[in-house]
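Enquirer: Have a look at this one before I ask anything.
The values are calculated or read from the model by the stated rules, or taken from the named source; none is laboratory data. Treat the numbers as computed from the prediction; the structure is a model and nothing was measured. Cβ: placed from backbone, ideal geometry, glycine included. Neighbour counts: every protein chain shown. To get the accessible areas, we keep the full protein, side chains included, count just its heavy atoms, and leave off ligands, DNA and RNA. Shrake-Rupley method; radii C 1.70, N 1.55, O 1.52, S 1.80 Å.
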Amino acid sequence: DYLHVVDIHMFKDPHEINKQQHHTDKFYNPKLIVRRGQPFQIQIDFNRPYKPETDQFWLEYLIGRYPQQNKGTYIPVIVGNVLKPGEWGAKITHKENNSIRLSIMSSSTCIIGKFRLYVAVWTPFGILRTRRNSATDTYILFNPWCQQDAVYLDDEKEREEYVLNDVGIVFHGDINNIKTRSWSYGQFEESILDACLFLMDKAELELSGRGNPIKICRVASAVINSRDDNGVIAGSWDNTYTYGVAPSAWTGSVDILLEYYSSKQPVRYGQCWVFAGVFNTFLRCLGIPARLVTTYSSAHDNNANLQLDFFLDDEGKVDTKLTKDSVWNYHCWNEAWMTRPDLPVGFGGWQVVDGTPQETSDGMYRCGPASVQAIKHGHVCFQFDAPFVYAEVNGDIIYLRREKNGTQVIENIDTTHVGQLIVTKEVGGDGMMKITEDYKFQEGSEEERLALETAVMYGVKKQTTQETTYQPQKDVDMDFQVQNAVLGSDFKVTITFRNRSHNYYTATTFLSGNIVFYTGVTKNEFKKHSFSAKLEPSSSSAFDVVIKASEYLSDLLDQASFHFFVTARINETGKILAMQKATALVIPGLRIKTQGEMVAGKQMSVTVEFTNPLTQTLENVTLRLEGPGVLRTMKKEFRQIPANSTLIWEVKCTPRQPGLRKLIASLNCDALRHVYGELNVQIQKP
């Protein structure tokens with residue numbers, strides 16, 4: 001009459017106690033999902049009432065192929081009288097007939113992943129274990145609600161945003177024309193949790209390191225991109241996306257992760273916001289608080305000397321052969337929230353992690369985690385990759401000209417252009433939150449200079465500029481403004497001079513308009529214009545240059561980005577004024593509408609509309625529509641959309657969950673990319 005197990009109840013449905021208390025009820029996954037360092041309940045049915053005096057049983061949690069107790073991959077859990085916070089243990093909370101109810105506590109440093117559960121009973125014939133049963137498998141995730149967890153976050157509103165929100169906003173465009181688009185993270189959608197755990201296998205992170213958010217972020221920043229490890233997304237920045245999806249067409253992470261999980265081959269193609277969007281899904285899915293961050297005018301400094309060198313030729317035009325550094329109109333990366341026990345006190349909190357392949361770190365394309373606080377104070381000696389991130393947000397732009405005898409003359413230094421705005425989505429809303437001050441002190445303040453000197457002391461290379469070669473023109477200021485324009489229309493660039501001296505000057509002025517990738521790399525020059533400006537003493541004068549649609553339309557790229565250089569030589573003094581600005585055209589959007597009542601479990605109808613603004617027919621147009629909890633991603637191809645005509649696409653779907661949801665759509669074709677639309681919908685309870 002020895003004891004044996006008849007059944008185990010996991011209380012694993014979304015409405016039951018475990019998923020409710022552990023904030024895992026949104027996962028579209030039938031198994032038990034709990035967060036570490038917090039108790040959960042199971043019930044064991046035996047063949048007869050359990051007698052604590054004589055019967056002895058324990059639980060075993062196993063993960064991986066060769067479970068070992070010292071590696072934390074084999075965990076025997078003894079049933080005792082008390083649960084110690086943050087340590088493995090179990091206690092009986094309820095006995096009834098042949099059943100007992102157990103409360104189980106997992107360790108707050110436990111490995112993240114999918115564990116197998118066995119119940120072991122001691123009998124006179126030896127130890128009897130339950131048979132392998134995948135229905136009792138238990139996922140254990142990070143727990144931002146648990147004070148002992150390395151990812152603990154103390155603000156409930158922030159936890160709802162940075163862990164539980166499955167849609168977000170990507171800020172793009174440029175500093176003078178900030179654009180937004182929604183991104184569906186979809187961390188709770190079917191199979192996404194398994195796909196995210198698979199990424200750690202792919203990165204070959206040893207199981208014993210999978211309880212450590214620092215290690216997980218470091219290996220994930222390498223595996224998100226396909227360089228050197230066949231990771232999730234292949235990047236492409238050259239406007240040709242053959243045999244793949246254009247980066248601008250994706251509306252969220254789910255399709256990308258599921259395709260990678262099934263094919264095990266890099267998904268084509270991504271650019272920075274795609275890498276960051278997928279990385280954010282990975283982090284939030286595992287329970288690490290995360291947010292997507294955009295830096296406007298982000299420096300890509302090839303030799304990390306805190307200095308972006310732009311070489312000018314005799315005419316004052318930028319010499320593209322010599323200039324290797326570039327300024328990205330914007331660059332997206334992620335911040336993940338965690339303690340940093342590997343660094344001195346005070347450097348925990350938000351850490352920069354970047355999955356976009358820019359430069360190698362310890363031999364692989366990866367970046368981070370780097371403490372935001374350390375970057376702000378210039379303490380770039382602390383791991384990982386802080387000098388690179390410091391340069392991205394703090395570089396100076398130096399305009400250099402080579403004299404006939406080979407000496408370099410500094411014509412201009414711009415210390416404020418790079419990293420002038422850093423933003424993320426606000427908590428609980430779709431607005432923009434400025435976080436520039438988390439990364440740097442007020443421009444020109446005493447603290448800012450001190451942080452710079454600290455960074456230089458810790459080995460960030462900073463070339464000294466010999467004062468003798470650099471004497472800027474103090475008494476004439478130049479600026480220029482680019483008119484906001486809709487794709488397909490003419491616009492003007494206005495150049496203004498302010499002559500503060502009592503002298504008459506003439507300025508030979510040169511404007512160069514280039515079509516650029518958002519990474520600041522030029523594709524071609526579409527506009528050259530030079531004129532002579534007469535500058536009266538103590539007065540301002542403005543000059544307009546008109547840019548016609550016919551001059552730029554044929555060569556336009558993805559993001560409809562332009563980059564203007566204006567250089568002016570003051571003839572009387574020989575001094576040069578130089579300035580550059582990026583600008584982007586306004587791209588028309590998609591309109592999304594719904595019809596009929598919107599109730600969970602009932603069919604509803606969604607229409608997407610688009611009017612072609614161009615004077616040409618659009619060919620081979622792809623539309624995508626998705627909304628987490630409302631509909632799986634749907635795609636539709638259209639052969640042609642004639643000029644000025646309107647397309648209407650109707651879709652039927654059945655929303656799964658009640659609550660406020662977001663529908664996100666994108667349109668894509670060779671002539672027009674980055675066309676988006678979105679709609680908030682309130683799904684009622686049935």
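Enquirer: Under 16 Å from the Cα of Lys91, which lysines turn up, not counting those fewer than eight places away in the same chain?
Expert: Within the straight-line cut-off, Lys91 pairs with Lys51.
Enquirer: Using the Karplus curve 6.51 cos²θ - 1.76 cosθ + 1.60 with θ = phi - 60°, work out ³J(HN,Hα) for each residue of region 618-627 in order, rounded to whole Hz, and write x for Gly and Pro.
Expert: 8, 10, 6, 8, 10, 10, 10, 9, 8, x
Enquirer: Here is a follow-up. Mind checking which of Phe388, Thr496, Thr360 is farthest towards the positive end of the chain's charge dipole, using Cβ charges of +1 (Lys, Arg) and -1 (Asp, Glu) about the Cα centre?
Expert: Thr360
Enquirer: Got a number for the accessible area of Thr109? Probe 1.4 Å, square angstrom, nearest 10.
Expert: Counting only protein heavy atoms, the figure is 100 Å².
Enquirer: Keeping all protein chains in place, calculate the accessible area per residue for the chain (probe 1.4 angstrom), answer in Å². Write out the running numbers ahead of the final one.
Expert: Values: 28700 Å² over 686 residues.
On a per-residue basis, the chain sits at 42 Å².
Enquirer: Under 17 Å between alpha carbons, and skipping anything fewer than 8 positions from Lys321 in its own chain: which aspartates and glutamates qualify?
Expert: Hits, sequence-local ones excluded: Asp301, Asp309, Asp313, Glu403, Glu525.
Enquirer: Could you please put Thr295, Thr339 in sequence from largest to smallest accessible area, using a 1.4 Å probe?
Expert: Correct descending sequence by accessible area is Thr339, Thr295.
Enquirer: Then there's this: Which trypsin sites (Lys or Arg not before Pro) in region 486-569 sit in a loop by DSSP (not H, G, I, E or B) and have at most 16 other Cβ atoms within 10 Å of their own Cβ? Write down the numbers at each step before the final one.
Expert: Values: sites: Lys492, Arg498, Arg500, Lys523, Lys527, Lys528, Lys534, Lys548, Arg569; in loops: Arg500, Lys548.
Within region 486-569, the qualifying trypsin sites (Lys or Arg not before Pro) (loop, at most 16 other Cβ atoms within 10 Å) are Arg500, Lys548.
Enquirer: Using a cut-off of 16 Å between alpha-carbon atoms, which lysines can reach Lys474, once sequence neighbours fewer than 8 places away in the same chain are excluded?
Expert: Answer for Lys474, where 16 Å is the Cα cut-off: Lys575, listed by chain and number.
Enquirer: With bins 10 Å wide starting at 0, give me the P(r) of region 476-584 over every alpha carbon pair, in whole percents.
Expert: 14, 45, 27, 13, 1
Enquirer: Now a separate question. Please give, to one decimal in nm, the separation of the simple spin-label points placed at Thr323 and Gln420, each 7 Å out from Cα toward the Cβ.
Expert: 1.6 nm
Enquirer: Treating the angle as unsigned and between 0 and 90°, give the value, to the nearest 10°, between the Cα long axis of helix 446-457 and the longest Cα principal axis of the chain.
Expert: 80 degrees
Enquirer: Is there a pair in Lys376/Lys528; Lys71/Lys440; Lys12/Lys179; Lys31/Lys84 whose C-alpha atoms are over 30 Å apart, and which pairs would that be?
Expert: Violating the 30 Å limit, Cα to Cα: Lys376/Lys528; Lys71/Lys440; Lys12/Lys179.
Enquirer: Take a quick pass over region 591-683 and tell me how many lysine pairs come in under 15 angstrom between Cα atoms, counting only ones 8 or more apart or on separate chains.
Expert: The number of close lysine pairs in region 591-683 is 5.
Enquirer: Cut-off 17 Å, label point 7 angstrom out along Cα-to-Cβ of Thr93: give me the residues of region 99-122 whose amide nitrogen falls inside.
Expert: 99-107
Enquirer: Let me check I've understood the local charge: for Ile515, count other residues with C-beta under 9 angstrom from its C-beta, Lys and Arg +1, Asp and Glu -1. What total comes out? Don't skip to the end; give the middle numbers.
Expert: On the way: positive: Lys523; negative: Glu525, Asp555.
Cβ neighbours under 9 Å give a net charge of -1.
Enquirer: Turning to a different aspect of this structure: Can you tell me the order of 65-73, 589-597 when each peptide is scored by its average per-residue count of other Cβ atoms within 10 angstrom, highest first? Spell out each step's value before the answer.
Expert: Details: 65-73: 12.9, 589-597: 14.4.
Ranking, from highest mean packing down: 589-597, 65-73.
Enquirer: Just the accessible area for Arg129, please: 1.4 Å probe, Å², rounded to the nearest 10?
Expert: My reading of the accessible area for Arg129 is about 120 Å².
Enquirer: Which whole-Hz couplings ³J(HN,Hα) result when phi for each residue of region 597-603 is put into the Karplus expression 6.51 cos²θ - 1.76 cosθ + 1.60, θ = phi - 60°, listed in order with x for Gly and Pro?
Expert: Ordered by residue, 3J(HN,Hα) equals 7, 10, 10, 4, x, 10, 5 Hz.
Enquirer: Moving to a separate point now. Can you list residues whose amide H is under 5 Å from Asp7's amide H, if they're 5+ apart or on another chain and H is modeled 1.01 Å from N?
Expert: Placed amide hydrogens put Asp45 under 5 Å from Asp7.
Enquirer: Hey, can you grab everything whose amide H is under 5 Å from the amide H of Phe115? Only 5+ residues off in sequence or another chain; H modelled, so Pro and N-termini drop out.
Expert: Excluding prolines and chain starts, which carry no amide H, the hits are Thr138, Tyr139, Ile140.
Enquirer: How much accessible area does Glu96 have with a 1.4 Å probe, in Å² rounded to the nearest 10?
Expert: Rounded to the nearest 10, that gives 110 Å².
Enquirer: Now, a different point. Please compute the length gained on full extension between Ile78 and Thr522, using 0.36 nm multiplied by the number of residues separating them and subtracting their Cα-Cα distance.
Expert: 153.3 nm
Enquirer: Between exposed chymotrypsin sites (Phe, Trp or Tyr not before Pro) in the chain, where DSSP calls loop and at most 12 other Cβ atoms lie within 10 Å, what's the longest gap?
Expert: Within the chain, the longest run free of exposed chymotrypsin sites (Phe, Trp or Tyr not before Pro) spans 244-503.
Enquirer: Residue separation times 0.36 nm, minus the C-alpha to C-alpha distance between Gln603 and Asp201: what's the value?
Expert: Taking Gln603 through Asp201 to full extension adds about 140.8 nm, to one decimal.
Enquirer: Check each of the trypsin sites (Lys or Arg not before Pro) in region 294-334 and keep only those in coil by DSSP with at most 12 other C-beta atoms within 10 angstrom; list them in order.
Expert: Taking region 294-334 and a limit of 12 other Cβ atoms within 10 Å, the loop trypsin sites (Lys or Arg not before Pro) found are Lys321.
Enquirer: Mind listing the phi-derived Karplus ³J(HN,Hα) values for region 151-158, rounded to whole Hz, using 6.51, -1.76 and 1.60 with θ = phi - 60°, and x for any glycine or proline?
Expert: Ordered by residue, 3J(HN,Hα) equals 9, 4, 10, 8, 10, 4, 4, 5 Hz.
Enquirer: Using helices alone, I'd like the mean residue ellipticity at 222 nm for the chain: each DSSP H run of four-plus residues gives -39500 (n - 2.57), total over residue count, nearest 500.
Expert: On the way: 11 runs with 91 residues, N = 686.
Result for the chain: -3500 deg cm²/dmol, rounded to the nearest 500.
Enquirer: With unit charges on the beta carbons (Lys and Arg positive, Asp and Glu negative) and the dipole taken about the Cα centre of the chain, which residue among Met457, Met338, Thr295 sits farthest to the positive side?
Expert: Farthest along the dipole direction, towards plus: Met338.
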